[in-house]
Amino acid sequence: MIGLIPNFYAVFSAINHLHSRTQDQASPHQATGIDQCPATRDIQSKPYTDPDLPAPYGKGYQYTATTNDKAWTGQTAATKDDYLDPEYALKAEEFSERNGKVYCDYGGKRLIKNGEVADPYLRLSTIK
């Protein structure tokens, strides 16, 4: 009976390997998950002030991008930092869908300048 255990392991390993190869060979034209997020080089930013928030909380940046025929938008608040600056090394970290909207969450390098900590986080969203 003990001799069968390695054989079961070999069969399950082979099945798992075939499954992962099938996923790797998926069509490159079908973007799934994080592949749908705009590349940071495709995102534009401009200073933004939210009139509904008191200073300095309303000051931040408005971010926009258009990729794959989708318009993406997002904002940061209470910061004077533009997270698209190369020093932040911003990159897509998570993709999600909820209630007919698609979200891409970006993070980057944590910086400390003059005792102030900047943890870059940006969420872009679009309608599905």
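General remarks:
- Each label was represented as a point 7 Å from its Cα along the Cα-to-Cβ direction; for Ala71 and Ser125 these points are 1.6 nm apart.
- Under the Karplus curve 6.51 cos²θ - 1.76 cosθ + 1.60, θ = phi - 60°, whole-Hz ³J(HN,Hα) for the stretch 69-84, x wherever Gly or Pro sits: 6, 10, 9, 10, 8, x, 9, 10, 9, 6, 8, 9, 9, 8, 5, 7
- Spin-label model, Phe95/Gln44: points 7 Å from Cα along the beta carbon direction are separated by 2.4 nm.
- Phi-derived couplings, Karplus 6.51 cos²θ - 1.76 cosθ + 1.60 at θ = phi - 60°, listed residue by residue for the stretch 46-55: 8, x, 9, 10, 7, x, 8, 10, x, 5 Hz, with x used for Gly and Pro.
- Between Tyr57 and Asp85, the contour length at 0.36 nm per residue exceeds the alpha carbon distance by 8.0 nm.
- Per-residue Karplus couplings for the stretch 113-119, computed as 6.51 cos²θ - 1.76 cosθ + 1.60 with θ equal to phi - 60°, are listed in order as 10, 6, x, 9, 9, 10, 9 Hz, Gly and Pro entered as x.
- Here Lys101 is the anchor, and the lysines within straight C-alpha reach of less than 17 Å, apart from those fewer than 8 places off in the same chain, are Lys70, Lys128.
- Estimated inter-spin distance, Glu116 and Asp35, nm [label 7 Å along Cα→Cβ]: 4.0
- Only Lys, Arg (+1) and Asp, Glu (-1) charged, at Cβ; the stretch 31-128 dipole about Cα centre in debye: 80
- Taking amide H as placed 1.01 Å from N in the peptide plane, Tyr48 has its amide H under 5 Å from the amide H of Gly60, Tyr61, Gln62, each at least 5 places away in sequence or on another chain.
- Checking every one of the chymotrypsin sites (Phe, Trp or Tyr not before Pro) in the stretch 42-116 against DSSP loop status and a limit of 16 other Cβ atoms within 10 Å picks out Tyr57.
Throughout, read-outs are computed from the coordinates displayed, never taken from laboratory work. Nothing here was measured: the structure is a model prediction, and the numbers come from that model. Neighbour counts run over all protein chains shown; Cβ positions are idealised from the backbone, glycine included.
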